[in-house]
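The next block holds one structure in the form of structure tokens; read it before the comments.
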Amino acid sequence: MLPFTERVIQIIRDIPAGRVMTYGQVAGAAGNPRGARQVARILHSMSAKYDLPWHRVINAQGGISTSDEEEGGLQRKLLEAEGVEFMENGKVDLRVYRWFPKEDFMW
């Protein structure tokens, strides 16, 4: 497994319940600020295998990115079950719910 992939998996595992990170934020913390799409691919292909809390990763606007209505609904329900509230526009207020790791993940 590539070091970037390992770091992404660890960062996502560390996101606490009731908090979120953006794809780009995870990528930057893992050492590749332009790797948001890579993070999405890692989530898609490895969430089940590594039991990742995939639902805690959202887009930079605070929204759910999937075009699959069922999956998006599940993501919202999982976040709401953890206490994350959605605004009227269907987005999460990143000023309230965004999580910043204690360490900057300087690898």
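On the basis of being at negative phi, of a type in the set (A, V, I, L, M) and assigned to a loop (DSSP other than H, G, I, E, B), does L43 make the cut? Criteria not met by L43. Under the condition of being in contact with a strand residue (DSSP E or B) (Cβ under 7 Å, 6 or more places away or on another chain) and without any contact (Cβ under 8 Å) to a residue 60 or more places away in the chain, the residues counted in the range 81-107 number 1.
Considering the conditions (1) part of a loop (DSSP other than H, G, I, E, B); (2) under 23 Å from R95 (Cα atoms); (3) modelled with pLDDT of 95 or more, R13 is excluded by exactly one of them, (1). Inspection of the range 33-44 finds a residue satisfying the criterion of being in contact with a Leu (Cβ under 9 Å, 6 or more places away or on another chain) and either modelled with pLDDT under 95 or under 21 Å from I64 (Cβ atoms) (or both). Taking each residue of the range 14-29 that is over 9 Å from A60 (Cα atoms) and looking for partners that are small (G, A, S) with beta-carbon atoms closer than 6 Å, six or more apart or interchain, yields G18/G83; A27/G35; A27/A36. Of all residues in the range 1-47, how many are over 24 Å from G83 (Cβ atoms) and surrounded by fewer than 16 Cβ atoms within 10 Å (Cβ to Cβ)? Residues flagged as over 24 Å from G83 (Cβ atoms) and surrounded by fewer than 16 Cβ atoms within 10 Å (Cβ to Cβ) within the range 1-47 amount to 11.
For (1) part of a helix (DSSP H, G or I); (2) touching a Gly at 6+ places or on another chain (Cβ under 6 Å); (3) closer than 20 Å to V26 by Cα, each residue gets a yes or a no:
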| site | (1), (2), (3) |
| --- | --- |
| A48 | yes, no, yes |
| L52 | no, no, yes |
| G62 | no, no, yes |
| S67 | no, no, no |
| G72 | yes, no, yes |
| R76 | yes, no, yes |
| E80 | yes, no, no |
| G83 | no, yes, no |
| E88 | no, no, no |
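Under 19 Å from R7 (Cβ atoms), over 12 Å from the mean Cα position of the chain (by Cα) and touching a residue at least 12 places away in the same chain (Cβ under 8 Å): does that describe A36? It is false that A36 is under 19 Å from R7 (Cβ atoms), over 12 Å from the mean Cα position of the chain (by Cα) and touching a residue at least 12 places away in the same chain (Cβ under 8 Å).
The values are calculated or read from the model by the stated rules, or taken from the named source; none is laboratory data. Quantities reported herein were computed from a predicted structural model and do not represent experimental measurements. We place every Cβ from the backbone using ideal geometry, glycine too, and count neighbours over all the protein chains shown.
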